[in-house]
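K.L.:
The structure follows.
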Amino acid sequence: MTTAYADDFLPEALQFRPSAPLVDIGANLTHESFGRDLEAVIQRALAAQVTSMIVTGTDLAHAEQAVELAKQYPGLYATAGVHPHDASQWDAGLERAMAALHALPEVVAVGECGLDFNRNFSTPQEQERAFEAQLALAVESGLPLFLHERDAGQRMREILHAWRDDISHAVVHCFTADRDTLFGYLDLDLHIGLTGWICDERRGHHLRSLVSDIPLERLMVETDCPYLLPRNLPTKLKGRRHEPALLPWIVREIAQWHGINETELGNATTQTAKRFFRLPAES
């Protein structure tokens, strides 16, 4: 008899199948919490109409794992980059390894890369060095950028402004900043990724008044799982691990604040994501 673990299934109240297929542009499926039941996680995502998932590569090891998952599962794609927390590790060897990954068909973006002046696990100088090196790799490969920014909006905009004519597209994933930062990114013709942060009445409520200012052709949705479990779920989830099957609840919340129905928002964000990451039309 198989033991039923709490995180092996979703309660019926959380099993939500929207009418529009969705793209989760930020899923950390290489995280150790998915090690035991990844197959089931992917099946639950497909049942919830999350038909495409971009698996985030935040360092060399996780980027290589993301590529392997993309090879194994249809509908999964990978990014490859070095997160600002690990920017101190950047060197010529790592740069060559990343360039090789960017040449693979499974890799659809450079990143997660950017600046994080909140924790400064790597110094700001190390972060900027690694970030500019990855901007150069994006120019070389022609791939779009999957960006991380926290408490560094002004410096991020300054750097991106200098590179904007050379890079293709870029998305600021898991956007949580203020109105001025948002409009600064939109002025640079960047895309915006929204997560379950908007469902958090304690710290994400300021995003609700900003959502309608994001054009649908610049907006994408993501879970950033296993982090940022939405707080608008109709029932509690034991274990607190977030997963792609819960993306429809985030879409519902964003649609409410954008002033449109969730089907329209789902269709729009899916088309935007497919265009941005150059995904197959049938995926």
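K.L.:
Give me the accessible area per residue for the chain, probe 1.4 Å, as a whole number in Å².
P.N.:
Normalised by residue count, the accessible surface of the chain is 43 Å².
K.L.:
Out of every Cα pair in segment 192-233, what percent are spaced more than 15 Å from each other?
P.N.:
Tail fraction, whole percent: 41.
K.L.:
Could you list which residues have their amide H under 5 Å from that of Leu22, counting only those 5 or more apart in sequence or on another chain, with H placed in the peptide plane?
P.N.:
Close amide H contacts, sequence-distant or interchain: Val50, Thr51, Ser52.
K.L.:
Right, here's the next one. Just report the Cα centroid separation between segment 200-245 and segment 56-94, whole Å.
P.N.:
One Cα centre to the other: 23 Å.
K.L.:
Sorting Tyr77, Tyr227 by accessible area (1.4 Å probe), largest first, what list results?
P.N.:
Sorted descending by solvent-accessible area, the residues read Tyr227, Tyr77.
K.L.:
May I pose another question? Take the eigenvalues of the Cα gyration tensor for segment 70-117, scale each by 5, and report the square roots as semi-axes in whole Å, largest first.
P.N.:
So the three semi-axes of segment 70-117 are 22, 13, 7 Å.
K.L.:
Magnitude of the Cβ-charge dipole of the chain, K/R +1 and D/E -1, about the Cα centre, nearest 20 debye?
P.N.:
740
K.L.:
Additional query: Which sequence of Tyr73, Tyr185 reflects their accessible areas, 1.4 Å probe, from the largest down?
P.N.:
Highest to lowest solvent-accessible surface, that is Tyr73, Tyr185.
K.L.:
What aspartates and glutamates sit close enough to Lys274 to cross-link, taking a C-alpha to C-alpha distance under 15 Å and skipping anything fewer than 8 places away on the same chain?
P.N.:
Asp24, Glu106, Glu217, Glu222, Glu282
K.L.:
By average Cβ neighbour count within 10 Å, what is the ranking of 54-66, 162-174 from highest down?
P.N.:
54-66, 162-174
K.L.:
Can you work out D for segment 47-89 in µm² s⁻¹ from Stokes-Einstein, where Rh is the Kirkwood radius over C-alpha pairs, the temperature is 20 °C and the viscosity is 1.002 mPa s?
P.N.:
The diffusion coefficient I find is 197 µm²/s.
The values are calculated or read from the model by the stated rules, or taken from the named source; none is laboratory data. This is a predicted model, so every value here is computed, not measured. Don't worry about glycine lacking a Cβ; one is built from the backbone with ideal geometry, like all the others, and counts go over all protein chains shown. With ligands, DNA and RNA removed, areas are computed over all heavy atoms of the protein, side chains included. Shrake-Rupley method; radii C 1.70, N 1.55, O 1.52, S 1.80 Å.
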